[in-house]
Amino acid sequence: GLVNQVVSQLIQAIRSTDSSFNSIKRLGAGSYYEHVKISEPNEFDIMLVMPVSRLQLDECDDTGAYYYLTFKRNPKEKHLSKFLDEDGKLSAFKMLQALQEIIKQEVKNIEDVKVTVKRKKAGSPAITLQIKNPPAEISVDIILTLEVQQSWPPSTQDGLKIEQWLGRKVRGDFRNKSLYLVAKQNKNEKVLRGNTWRLSFSHIEKAMLNNHGSSKTCCESDGPKCCRKGCLKLLKYLLEQLKMTHTKKLEKFCSYHVKTAFFHSCVMWPNDADWHSGDLDHCFQKYLRYFMDCLQQSHLPHFFIPQYNLLSLENKASSNFLLELINKEWNNGFPIFQE
């Protein structure tokens, strides 16, 4: 409730302060909204979605995930021209800066609760708010997202292999949905100019997690129950706990790795019977073993962009380190879950 109150006030201020942002709307993303949050709801991802008409997407590396954006001729979005850089590319950096300024000013007007804007981490797509909510703190990541009504780029053609799991029709429906791009710096660029955008599939991931069964009634109130989400929560918890103890060495890993491996597992074992609710430990071990294979090979393809490997070879050492830690847990009967 507190988060909604703060975010609603900010969105109103953003819309009225700068007309470039007056079409912005909010979308809850991430684990809280996918109902796979594993601890207190103290972290929220809020996407501020801004509809734009057609854009030209130019890949800026070989991942197929990062793009430079330019407007087609005579765009409707004349008001966004102030965010173009000298090459005519839409600058994520400039847009985030403008957004952050408005938010910084507006949090001073929030009365009954103390809200601060954290210093932006270089290259991060998020503007992070800290909301004091004694005795705890809530952290809210605000992510600027463009929503474009056009077909997905070629790099996604062979991704989202869900035909056996959710069906061909569902895949077609998903691919007809808008394209989302988040203001995300591509770290592989020689010069960090802040004008790259990354594809985002949060809206599709949320839909897959909330309708995850091969049968339509899976996990509905009177339908059969499965343990898919239970498995995902366990592995998220395992990684989260290991990261707390080995923060520096595991900083390259995040829950997105776990979630990606989860979607691949759902495709490998597509039937609800493969995830019977009584088989949680067996299913978890199957899924975990797949994740460990990915670490072993330093290869975890992005679920929507198969050419994009989320575990690059240059991070081989940290993959091996995580693998060792998981092996140790497994061999000792997962003491981390007993704590």
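The values are calculated or read from the model by the stated rules, or taken from the named source; none is laboratory data. What you see is a predicted model; the values in this text were computed from it and never measured. Cβ sites come from the backbone with ideal geometry, for glycine too, and all protein chains shown count toward neighbours. The accessibility values were calculated without ligands, DNA or RNA, using every heavy atom of the protein model including side chains. Shrake-Rupley method; radii C 1.70, N 1.55, O 1.52, S 1.80 Å.
Ranked highest first by the average count of other Cβ atoms within 10 Å around their residues, in what order do 109-118, 223-232 fall?
Details: 109-118: 12.9, 223-232: 19.6.
Descending packing order for the listed peptides: 223-232, 109-118.
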* Structure fact -> One checks the Cα atoms of the chain and finds Rg and Dmax, in Å, of 20.8, 64
* Asked: Using θ = phi - 60° and the Karplus curve 6.51 cos²θ - 1.76 cosθ + 1.60, what whole-Hz ³J(HN,Hα) does each residue of the stretch 158-170 get, with Gly and Pro shown as x?
  -> 9, x, 6, 7, 9, 4, 6, 8, 9, x, 5, 5, 4
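Using only DSSP helix segments of four residues or longer, with each worth -39500 (n - 2.57), what per-residue ellipticity at 222 nm results for the chain after dividing by its residue count and rounding to 500? Working shown, then result.
Values: 9 runs with 119 residues, N = 339.
Roughly -11000 deg cm²/dmol at 222 nm, from the helical runs in the chain.
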* Average accessible surface area per residue within the stretch 102-181, 1.4 Å rolling probe, Å² -> 53 Å²
* To do: Using only the alpha carbons, work out the radius of gyration and Dmax of the stretch 192-289 in angstrom.
  => 15.8, 53
* Could you give the accessible area per residue of the stretch 220-339, probe 1.4 Å, as a whole number in Å²? -> 50 Å²
* **Under 5 Å, built H, 5+ apart or other chain: amide partners of GLU43** => SER139
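Could you work out what % of the accessible surface of the stretch 105-164 is carbon and sulfur, using a 1.4 angstrom probe and leaving DNA, RNA and ligands out of the count?
Working: 1570 of 3280 Å².
It is 48 percent, rounded to a whole number.
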* If you wrap a convex hull around the C-alpha atoms of the stretch 226-339 and split its volume per residue, what is the figure in Å³? -> 94 Å³
* **Kirkwood estimate for the stretch 91-203, i.e. one over the average of 1/r between Cα atoms, Å** => 16.7 Å
* Structure fact -> Taking Cα atoms, the helix 255-268 axis meets the longest principal axis of the chain at an angle in degrees (rounded to 10) of 60 degrees
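Relative contact order for the stretch 271-324 using alpha-carbon pairs under 8 Å, separation at least 6, rounded to a whole percent? Mind showing how you got there, number by number?
On the way: 33 pairs, mean separation 14.6, N = 54.
With pairs under 8 Å counted, the relative contact order is 27 percent.
Carbon and sulfur together cover what percent of the accessible area of the stretch 262-339 at a 1.4 Å probe radius? Present the calculation step by step, with values, prior to reporting the outcome.
Working: 1860 of 3830 Å².
So the carbon and sulfur contribution to the accessible surface is 49 percent.
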* Please turn the phi angles of the stretch 44-52 into ³J(HN,Hα) values with the Karplus equation 6.51 cos²θ - 1.76 cosθ + 1.60 (θ = phi - 60°), one per residue in order, whole Hz, x for glycine and proline. => 10, 10, 10, 8, 9, 9, 10, x, 10
* Structure fact -> Relative contact order of the chain (C-alpha contacts under 8 Å, at least 6 apart) in percent is 16 percent
